[in-house]
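Visitor: This is the structure I want to talk about, given as structure tokens.
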Amino acid sequence: MQEFITANLPYLLGGISVGGQYALIAVGYTMVYGILRLINFAHGDIFTVAGFFMVYLNATMPVAVSLPLTILLIIALGFSVERVAYKPLRNAPRMSVMISAIGVSYLLQNLMWYVTGGLAKQYPTIPWISSSITIYTATTKMVTLVTPILTIVLVALLVQLINHTKIGMAMRAVSKDFETARLMGIKIDRVISATFIIGSALAGIGSILYFSNYTAVTPTAGAMPGLKAFVAAVFGGIGSIPGAVIGAFIIGISENIIKAVGLTTFSDAFTFALLIVVLIFKPTGLFGEAVNEKV
Amino acid sequence: MKALKWTGGILLIIIAVALLVSSISAQSDLEGLLKRLDAQNVVDLNPKMLADRDRVLESHLDNDRDRTLRNLDRYLERHGDLLLLEGTHALELTAFRSGPIVSSVGVLLMAIGAALLATVISGKAAVRKAALYAVGIVLLYVCVYVVEQIAGTSSMLVTVLKKGAIYALLAVSMNLLNGFTGLFSLGQAGFMLIGAYTYAMFTIPVESRGQVYQYYAGGLIQFQMPVILAIILAGLVAAFFAYLIGLPVLRLKSDYLAIATLGFAEIIRAVFQYDGLGPITNGSNLLRRFTTFNSALFPFIAVGICILLIILLINSTYGRAFKAIRDDEVAAEAMGINLPQHKSMAFVISCFFAGVGGALLAMYQTTVQASAFKASMTYEILLIVVLGGMGSVSGSVIASFLFIAASEWWLRFLDAETVIGTFEVPLLRSGFRMVVFSVIVMLVVLFYQKGIMGDRELSLDMFKRNGKEKRGGRNA
């Protein structure tokens with residue numbers, strides 16, 4: 001028993017930690033999908049850009065400044081991406097918006113490649129979060145412990161915001177029925193901007209936690225976690241925030257179990273296999289609402 | 001008029017045959033020509049000259065035209081004063097040098113003549129149209145060939161033509177699914193990977209397998225397939241996997257379908273990199289030394305045949321059913337179209353051509369590695385389809401050549417640090433090209449949503465009907 005725990009605890013802890021980080025990204029996906037019915041393909045790249053903001057800002061200023069500044073900048077980026085690339089297509093077919101999202105992702109990746117020269121940039125060590133601690137027999141970074149706690153706190157706050165504030169009510173109304181909400185006098189653009197601001201802020205926090213675990217950031221580092229977070233959002237039932245969080249934890253943990261078994265090549269593939277199984281047997285995910293499409 | 005066409009057609013064909021025969025005979029009889037140039041046979045007295053001449057003949061026997069011409073120039077330059085280079089001999093030399101161009105002009109004249117005769121014999125409007133298209137296609141191929149002969153196979157222009165042709169097939173195959181059937185699939189890279197690997201695995205010469213599969217004791221496959229068969233097999237294997245994947249996935253709608261196919265592409269990539277399959281796929285190591293092509297004509301002909309087949313399919317009853325499904329699934333079903341069957345068919349056929357395209361891409365790249373077939377490759381092709389116009393074959397073709405030319409060639413200068421006088425142009429350095437490029441793509445996506453062609457096709461009727469008929473936008 002002792003041996004079993006010693007061997008597997010690091011993977012389990014890693015899984016919980018990664019799951020929390022996926023959850024923070026997944027919330028952004030699920031909120032945007034809930035309101036715009038759009039898979040925001042650029043979300044994973046916004047997550048990566050946050051990593052680079054941190055790298056460059058931390059080179060010139062103390063952590064106490066660069067950390068909040070990173071999150072502010074990433075909010076600004078998420079906001080402007082929505083204004084520039086999605087707002088003009090509000091009345092266009094859904095596929096056009098999705099293609100625009102893919103275009104933004106392409107642009108952000110090329111931009112990051114240009115700025116960094118395609119090289120991996122060393123991620124700064126953030127005091128306290130990056131320090132090591134020992135839990136039972138496994139030595140890990142503080143971030144492993146911080147992530148799940150912070151994730152749950154943030155998501156709880158978000159759920160409160162959505163259920164008990166005016167803007168939250170507007171968000172729920174818009175995601176229920178876009179057109180009717182507009183007729184009821186809800187300023188759609190403000191609601192959508194708020195969604196993108198919240199999503200980007202969470203992705204920024206997720207990015208800081210995620211990259212603290214690694215030594216370097218590359219322009220494509222965020223593509224895979226971004227996709228997996230999306231899978232988590234679908235798994236939990238797209239549009240449902242608790243669903244996205246639970247889905248993210250399940251995916252993070254099972255991915256690390258696959259690694260523990262020694263099938264690292266298949267850890268990404270497993271995530272997608274899970275997605276496909278879910279889509280086939282329960283297309284609306286664990287907590288999603290069934291929607292009947294009208295003819 | 002009819003008599004004029006008859007005589008014109010026959011005359012053209014006669015001229016064409018004469019041109020072809022003369023250029024082919026000039027090509028084959030280089031040895032005789034060199035003997036005639038050297039009437040006094042000084043070659044036998046001059047060992048250096050003999051060596052130079054033998055070099056010309058040797059490269060000619062190897063069928064390496066670039067090298068032959070180089071050696072011939074050197075031979076004439078060094079020993080020209082000893083040879084008879086005037087009169088008919090000079091003409092014969094020119095005929096040898098310009099052989100490919102003369103023969104391609106011959107082919108073109110032949111096509112025009114045949115088209116003329118065809119229109120006189122049948123007189124139907126459809127035949128006339130087909131003849132015109134045929135001449136146009138032959139003209140295009142002749143142009144490609146002439147450009148290649150003049151610019152050389154490794155020039156930037158020819159590189160762009162080769163890659164552009166392959167991307168044209170990939171874009172058209174994706175358009176068949178996304179633009180014509182309305183199934184938004186993002187699995188293209190996965191099926192290209194299957195095609196590329198199938199092709200590469202079966203065409204590596206047996207004697208090279210030991211080196212390529214060095215970690216897997218030469219691998220399991222110990223034979224080599226002919227190129228054409230391997231390309232078709234590449235398509236068939238991709239189509240087979242598409243059938244299997246389509247069974248569950250095609251029940252999903254729009255963005256769920258997109259994400260599920262994207263997921264499958266990732267799974268395929270992981271499977272091909274799996275160490276346990278190493279004896280077949282070479283694990284995560286690259287495959288190389290398989291048969292490739294030199295001339296741009298090969299991809300052009302292969303892609304041309306595939307796109308022609310796709311056009312025929314689109315214009316058939318099946319193609320009309322696909323479009324009906326795209327425009328309104330419920331209405332299509334009510335009209336008696338079997339949805340699962342048609343969707344599966346579109347998916348399988350599109351993936352067949354994606355596999356063929358993958359095989360051609362492997363030939364173009366000369367090496368294949370699974371890690372290169374990422375989702376970003378699918379996105380690139382999707383952007384080409386959008387730029388060209390969803391639901392337009394000719395749009396996809398034009399857009400792929402523009403896309404490849406812009407990204408590989410025209411915007412190259414943006415990547416080079418440039419100094420004009422003492423002024424260093426800002427921003428220009430490695431990577432800037434792709435930034436400018438993606439900004440252009442975004443501008444098109446945002447402000448020019450229909451792309452270059454919308455859902456129209458480039459055709460002869462376009463010029464006649466221009467302005468008379470304005471089609472409304474289609475909602476996807």
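Visitor: Going by the conditions given, is A:Leu108 closer than 18 Å to A:Ile25 by Cα, at pLDDT 80 or above and either of a type in the set (A, V, I, L, M, F, W, C) or over 21 Å from the mean Cα position of the chain (by Cα) (or both)?
Guide: On the way: closer than 18 Å to A:Ile25 by Cα: yes; at pLDDT 80 or above: yes; either of a type in the set (A, V, I, L, M, F, W, C) or over 21 Å from the mean Cα position of the chain (by Cα) (or both): yes.
Answer is yes for this residue.
Visitor: Looking at this structure, is B:Val172 within 21 Å of the chain's Cα centre (by Cα) and in contact (Cβ under 8 Å) with a residue 24 or more places away in the chain?
Guide: Details: within 21 Å of the chain's Cα centre (by Cα): yes; in contact (Cβ under 8 Å) with a residue 24 or more places away in the chain: yes.
When the stated conditions are applied, B:Val172 passes them.
Visitor: Further question: Give me the residue from region A:105-122 that is of a type in the set (Gly, Ala, Ser) and either touching a helix residue (DSSP H, G or I) at 6+ places or on another chain (Cβ under 9 Å) or within 7 Å of chain B (Cβ to nearest Cβ) (or both) and, out of that set, farthest from B:Arg433 (Cα to Cα).
Guide: Looking at the filtered set, the residue picked out is A:Ser105.
Visitor: Further question on the same structure: Output yes when any residue across region B:379-402 is over 25 Å from B:Ile259 (Cβ atoms), modelled with pLDDT under 80 and of a type in the set (Gly, Ala, Ser), and no when none is.
Guide: no
Visitor: Still on this structure, please answer the following. Look through region B:241-282, keep the residues that are in a loop (DSSP other than H, G, I, E, B) and within 9 Å of chain A (Cβ to nearest Cβ), and return whichever of them is surrounded by the most Cβ atoms within 10 Å (Cβ to Cβ). Give the steps one after another, and end with the answer.
Guide: Taking region B:241-282 first, the residues in a loop (DSSP other than H, G, I, E, B) are B:250-253, B:274, B:282.
If we keep only those that are within 9 Å of chain A (Cβ to nearest Cβ) too, we end up with B:251-253, B:274.
Numbers: B:Arg251: 16, B:Leu252: 19, B:Lys253: 13, B:Tyr274: 16.
It comes out as B:Leu252.
Visitor: Looking at B:Met201, B:Met225, B:Met192, which is the one that is within 25 Å of the chain's Cα centre (by Cα), not in a helix (DSSP H, G or I), not assigned by TED's automatic domain parsing to the domain that holds B:Gly9 and not acidic (Asp, Glu)? It would help to see each step written out before you state the result.
Guide: Values: B:Met201 fails: not in a helix (DSSP H, G or I); B:Met192 fails: not in a helix (DSSP H, G or I).
Being within 25 Å of the chain's Cα centre (by Cα), not in a helix (DSSP H, G or I), not assigned by TED's automatic domain parsing to the domain that holds B:Gly9 and not acidic (Asp, Glu) holds for just one of B:Met201, B:Met225, B:Met192, which is B:Met225.
Visitor: Just name the residue that is farthest from the other protein chains (Cβ to nearest Cβ) out of those in region A:20-41 that are out of contact with any Pro (no Cβ under 6 Å at 6 or more places or on another chain), assigned to a helix (DSSP H, G or I) and more than 11 Å from A:Ala244 (Cβ to Cβ).
Guide: A:Gln21
Visitor: Please determine whether any residue of region A:236-259 is within 11 Å of chain B (Cβ to nearest Cβ), closer than 18 Å to B:Tyr256 by Cα and either surrounded by fewer than 19 Cβ atoms within 10 Å (Cβ to Cβ) or in contact (Cβ under 8 Å) with a residue 24 or more places away in the chain (or both).
Guide: Among the residues of region A:236-259, at least one is within 11 Å of chain B (Cβ to nearest Cβ), closer than 18 Å to B:Tyr256 by Cα and either surrounded by fewer than 19 Cβ atoms within 10 Å (Cβ to Cβ) or in contact (Cβ under 8 Å) with a residue 24 or more places away in the chain (or both), which makes the answer yes.
Visitor: Specify which of the listed residues (B:Ser376, B:Ser430, B:Ser438, B:Ser407) is within 14 Å of another protein chain (Cβ to nearest Cβ) and in a loop (DSSP other than H, G, I, E, B). Before you say what the answer is, go through the steps one by one.
Guide: Numbers: B:Ser376 fails: in a loop (DSSP other than H, G, I, E, B); B:Ser438 fails: in a loop (DSSP other than H, G, I, E, B); B:Ser407 fails: in a loop (DSSP other than H, G, I, E, B).
Exactly one of B:Ser376, B:Ser430, B:Ser438, B:Ser407 is within 14 Å of another protein chain (Cβ to nearest Cβ) and in a loop (DSSP other than H, G, I, E, B), namely B:Ser430.
Visitor: Regarding A:Pro219, is this residue under 27 Å from A:Ile102 (Cβ atoms), within 14 Å of chain B (Cβ to nearest Cβ), free of Cβ contacts under 8 Å to residues at least 40 places away in the same chain and assigned to a loop (DSSP other than H, G, I, E, B)?
Guide: On the way: under 27 Å from A:Ile102 (Cβ atoms): yes; within 14 Å of chain B (Cβ to nearest Cβ): yes; free of Cβ contacts under 8 Å to residues at least 40 places away in the same chain: no; assigned to a loop (DSSP other than H, G, I, E, B): yes.
Taking the combined requirement at face value, the residue does not satisfy it.
Visitor: Continuing with this model, one more query. Please determine whether any residue of region B:135-153 is modelled with pLDDT of 90 or more, closer than 19 Å to B:Leu308 by Cβ and assigned to a helix (DSSP H, G or I).
Guide: First, the residues of region B:135-153 that are modelled with pLDDT of 90 or more: none.
No; the residues of region B:135-153 include none that is modelled with pLDDT of 90 or more, closer than 19 Å to B:Leu308 by Cβ and assigned to a helix (DSSP H, G or I).
Visitor: Now a separate question. Across region B:344-387, what is the number of residues that are buried (at least 24 other Cβ atoms within 10 Å of the Cβ) and closer than 18 Å to B:Leu313 by Cβ?
Guide: Looking only at that region, the number is 11.
Visitor: Looking only at region A:9-34, count every residue that is surrounded by fewer than 24 Cβ atoms within 10 Å (Cβ to Cβ) and of a type in the set (A, V, I, L, M, F, W, C) and tell me the total.
Guide: Of the residues in region A:9-34, 4 are surrounded by fewer than 24 Cβ atoms within 10 Å (Cβ to Cβ) and of a type in the set (A, V, I, L, M, F, W, C).
To keep it simple, each residue is scored yes or no on (1) among the hydrophobic types (A, V, I, L, M, F, W, C); (2) more than 26 Å from B:Ile150 (Cβ to Cβ).
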| position | (1), (2) |
| --- | --- |
| B:Thr7 | no, yes |
| B:Ile10 | yes, yes |
| B:Ala18 | yes, no |
| B:Ala39 | yes, yes |
| B:Ser98 | no, no |
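Visitor: Take region A:57-83 and flag every residue that is among the polar types (S, T, N, Q) and more than 19 Å from A:Ser212 (Cα to Cα). I'd like the intermediate steps shown before the answer.
Guide: Step one: filter region A:57-83 for residues among the polar types (S, T, N, Q), giving A:58, A:60, A:66, A:70, A:80.
Scanning region A:57-83 gives a single hit, A:Ser80.
Visitor: I'm told B:Leu312 meets every condition in (1) buried (at least 18 other Cβ atoms within 10 Å of the Cβ); (2) at pLDDT 90 or above except one. Can you identify the failing condition by its number?
Guide: The single condition B:Leu312 does not satisfy is (1).
The values are calculated or read from the model by the stated rules, or taken from the named source; none is laboratory data. All figures in this text were calculated on a predicted structure; none of them were measured in a lab. Cβ coordinates were reconstructed from backbone atoms using ideal geometry, including for glycine residues, and neighbour counts include every protein chain displayed.
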